2 protein chains.
Amino acid sequence: MKIVNRIDELRRLLTEEKTNGKTIGFVPTMGYLHAGHLSLIHAARKENEIVVISIFVNPLQFGPNEDFDQYPRDIERDEALAREAGADYLFYPTVAEMYGEQPMVTVKVHQRTDSLCGKSRPGHFDGVATVLTKLFNIVGPTRAYFGLKDAQQVAVVEGLIQDFNFPIKLVGVEIKREEDGLALSSRNVNLTADERAEAVHISKALFKIKEAIDNGVTPEAAIAEGRGYLQGHITGTIDYLEGLSYPELKPITSVSAKMIVAAAVQYSKVRLIDNVIISNEESRG
Amino acid sequence: MKIVNRIDELRRLLTEEKTNGKTIGFVPTMGYLHAGHLSLIHAARKENEIVVISIFVNPLQFGPNEDFDQYPRDIERDEALAREAGADYLFYPTVAEMYGEQPMVTVKVHQRTDSLCGKSRPGHFDGVATVLTKLFNIVGPTRAYFGLKDAQQVAVVEGLIQDFNFPIKLVGVEIKREEDGLALSSRNVNLTADERAEAVHISKALFKIKEAIDNGVTPEAAIAEGRGYLQGHITGTIDYLEGLSYPELKPITSVSAKMIVAAAVQYSKVRLIDNVIISNEESRG
């Protein structure tokens, strides 16, 4: 695995690979890799001749009161994990390499952002879409891999690729979970022991809601019951527990082909998110 | 020359050309081609193996009170001219092909837009940057060609390519002029005979200003005198006559490597723009 810090160098190396007709799978991350990220690398490894992973904690997608400074970082460990998982290139630029002093252009996201995390993180998805526009142009991948834990991010990236006509196939990869069901996240390391113990109930609540809906309970009733369960079992603050169409993220109607039930819980130093995606059954509604 | 209306078809054809290692020169236009556009095609023809011209009157870059409907169109004539000038592909999509019902993402331009045309056309360059982001991703050119008549547009495109890391070389091509000096524009056809006759003084004023600055007159004094000349010779309204650094479009300082003096004049149905670019001489200031 080759580690590259400079945009020009990565472009030169990947242009050479592409000239030789190779397909490129791209896994953009903010580092502090866990098994979820590694599953993205594995998926990219299976479907492409070259695998590129980027590690860049993107300041543009953090709000002024968010955890940019506290976001965990461990590049030596990440290098070893990415190498072992089978990446060919690790792109690890500095903030100065990625952004000039003042941005001249950014991406503005107009849809799929007024619910879930977008509601409480104004500008977050503009920052995500801007850095991905840059990374897509730097890497020029055949396929790009994103974890479905950030399901709203996957929905926004789908809009970005579609509206800006990026010649890239988006691949959303299933959530990886701890044995007790907690969705893997780089941020889990910032939970206290007590928070970590009770956080299991977030996924439990979501699984209960999914099961109820699959069994014919209306989404409204299932989510209300799930909310009661969650409130009774955790001390963290429920930022949201919501059901929406997916990937449009609009109110659910009987014609929505797919829905998402998503939760965000705020703990002392960490905000956790999780979700389940539910296919529309003829019987529902 | 092959005429293509569909994004997917153009992408398929150009991917094939690129697989064969061919370089692609791209000339994005709004059609109603004149010798200025043809000079862009000629420049692209010289430097690339494949030349793509697009014709798309982009609604996103017209304000609600601007001339989107009146913008001249003549696709049959354009086809003949583009073919004769040596283009290989003419991309001519509908508005529906380029934009969905509601855009999910657009480009926001933060710099180089608060002066000259940007000042009186809010959102114009956001529309330009958005359609170019799409076209760049659809065509994937090696080089993109723009006329320096829209010098602010060239400055914005330079920012777009730089900030979004498009792997594209920007080529700015000199202004083409009528024999009397009037800058060629698709909009000139909408001038009355009297307006057309007096419009010659726009470029005359700019040439006088350039000559004065080259001869050591300060930009401020030269522009003031040019403004007096212009006001004495035209009935159209001077929207602006301004000197700025180029391509930054900031107030001129003695360290500005290059400056632009640009003018916009509003006539009954048309707004004309023109400019001269002046290299900093040791002697100036």
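The values are calculated or read from the model by the stated rules, or taken from the named source; none is laboratory data. Source: prediction; values computed, not measured. Note that each Cβ is placed from the backbone with ideal geometry, even for glycine, and that neighbours are counted across all protein chains shown. The protein model used for the area step is the full one, side chains on, heavy atoms only, and it has no ligands, DNA or RNA in it. Shrake-Rupley method; radii C 1.70, N 1.55, O 1.52, S 1.80 Å.
FRET efficiency for the B:Ala35 to A:Glu47 pair, using the beta carbon distance and R₀ = 60 Å, is estimated at 0.75. Projecting label points 7 angstrom from Cα along Cα→Cβ for B:Lys169 and A:Asp180 puts them 6.0 nm apart. Over the protein assembly as shown, DSSP H runs of length four or greater, each weighted -39,500 (n - 2.57), average out per residue to a 222 nm ellipticity of -12000 deg cm²/dmol. For chain B, the equivalent ellipsoid derived from the Cα gyration tensor has semi-axes of 33, 21, 18 Å, listed largest first. Comparing A:Asp88, A:Asp67, A:Asp194 in a Gaussian network model of chain A (Cα springs below 10 Å), the most mobile by mean-square fluctuation is A:Asp194. Of all DSSP-defined beta bridges confined to chain B, some 50% are antiparallel rather than parallel.
Mind pulling the angle between the C-alpha long axis of helix A:219-233 and the longest principal axis of chain A? Nearest 10 degrees, somewhere in 0 to 90. Approximately 90 degrees, to the nearest 10. Contact order for the range B:2-173, expressed relative to its length and based on alpha carbon pairs under 8 Å spaced 6+ residues apart, stands at 29 percent.
Contact residues in the range B:152-190 (at least 30 Å² less accessible area with all protein chains than alone, 1.4 Å probe): B:Asp163, B:Phe164, B:Asn165, B:Pro167. Here the Karplus relation 6.51 cos²θ - 1.76 cosθ + 1.60, evaluated at θ = phi - 60°, turns the backbone of the range B:57-63 into coupling constants of 7, 7, x, 5, 9, 9, x Hz, with x for every Gly and Pro. Loop-resident GluC sites (Glu not before Pro) (DSSP state other than H, G, I, E or B) in the range B:56-142 with no more than 11 further Cβ atoms inside 10 Å of their Cβ: B:Glu101. In the structure shown, do any of B:Lys208/B:Lys250; A:Lys119/A:Lys210; B:Lys46/B:Lys269 have a Cα-Cα gap over 31 Å, and if so which? Violating the 31 Å Cα-Cα cut-off are B:Lys46/B:Lys269.
By a 1.4 Å probe calculation restricted to protein chains, A:Tyr229 has an accessible surface near 50 Å², given to the nearest 10. The angle separating the long axis of helix B:35-47 from the principal Cα axis of greatest extent in chain B is about 60 degrees.
Springs join every pair of Cα atoms under 10 Å in this Gaussian network model of chain A, and among A:Gly100, A:Gly140, A:Gly216 the largest mean-square fluctuation is at A:Gly100. Angle of helix B:151-163 to the longest C-alpha principal axis of chain B, folded into 0 to 90 degrees and rounded to 10: 50°.
Of all beta-carbon atoms in chain A, the one sitting closest to the axis that brings chain A onto chain B gives A:Lys108, 2, with the distance in whole angstrom.
Annotation for B:Asn20 and B:Ser268: the two label points, set 7 Å from Cα along the Cα-Cβ direction, are 5.2 nm apart. Placing unit charges on the Cβ atoms only, positive for Lys and Arg and negative for Asp and Glu, gives the range B:166-285 a dipole magnitude near 340 debye about its Cα centre. Per residue, the accessible area of chain B comes to 44 Å², computed with a 1.4 Å probe over protein heavy atoms only.
Each Lys or Arg adds one and each Asp or Glu subtracts one; over the other residues with Cβ under 12 Å from the Cβ of B:Ala262, this totals -1. What you get for the range B:57-172, charging only the Cβ of Lys and Arg (+1) and of Asp and Glu (-1), is a dipole of about 440 debye around the Cα centre. Summed over both chains, the accessible area lost when A and B associate is about 2600 Å², using a 1.4 Å probe. Placing a label point 7 Å from Cα along the Cα-to-Cβ direction at B:Thr19 gives distances to the equivalent points in the other copies of 1.9 nm, listed shortest first.
Nonpolar atom fraction for the protein assembly as shown, defined as the carbon and sulfur part of the 1.4 Å probe accessible area, stands at 49 percent. Around the Cα centre of the protein assembly as shown, unit charges on the Cβ atoms of Lys, Arg, Asp and Glu (plus for the first two, minus for the last two) sum to a dipole of about 480 debye. Listed values for the range B:104-116 are Karplus-derived 3J(HN,Hα) couplings in whole Hz (6.51 cos²θ - 1.76 cosθ + 1.60, θ = phi - 60°), namely 8, 9, 9, 9, 10, 9, 9, 10, 6, 10, 9, 10, 6, and x replaces Gly and Pro. Averaging Cα coordinates gives a centre for the range A:92-151 and one for the range B:99-154; these two points are 19 Å apart.
Pairwise alpha-carbon distances in the range A:186-277 exceed 14 Å for 63% of all pairs. Each label was represented as a point 7 Å from its Cα along the Cα-to-Cβ direction; for A:Ile75 and B:His110 these points are 2.4 nm apart. Take each residue of peptide B:130-139, count the partner chain Cβ atoms within 10 Å of its Cβ, and average: the result is 4. Each of B:Ile161, B:Leu241, B:Ile223 was scored by the projection of its Cα onto the charge dipole of the protein assembly as shown, and the greatest displacement toward the positive side belongs to B:Ile161; charges sit on the C-beta of Lys, Arg, Asp and Glu. Any lysines with Cα under 18 Å of the A:Lys204 Cα? List them, leaving off those in the same chain fewer than 8 positions away. Straight-distance partners of A:Lys204: A:Lys149, A:Lys176.
Treating each Cα of the range B:30-156 as an identical point scatterer and summing with the Debye formula, the log10 of I(q)/I(0) at q = 0.12, 0.21 Å⁻¹ comes to -0.48, -1.47.
Across identical copies of the chain, A:Glu198 has label-point separations of 7.8 nm, listed in ascending order, with the point defined 7 angstrom from Cα along Cα→Cβ.
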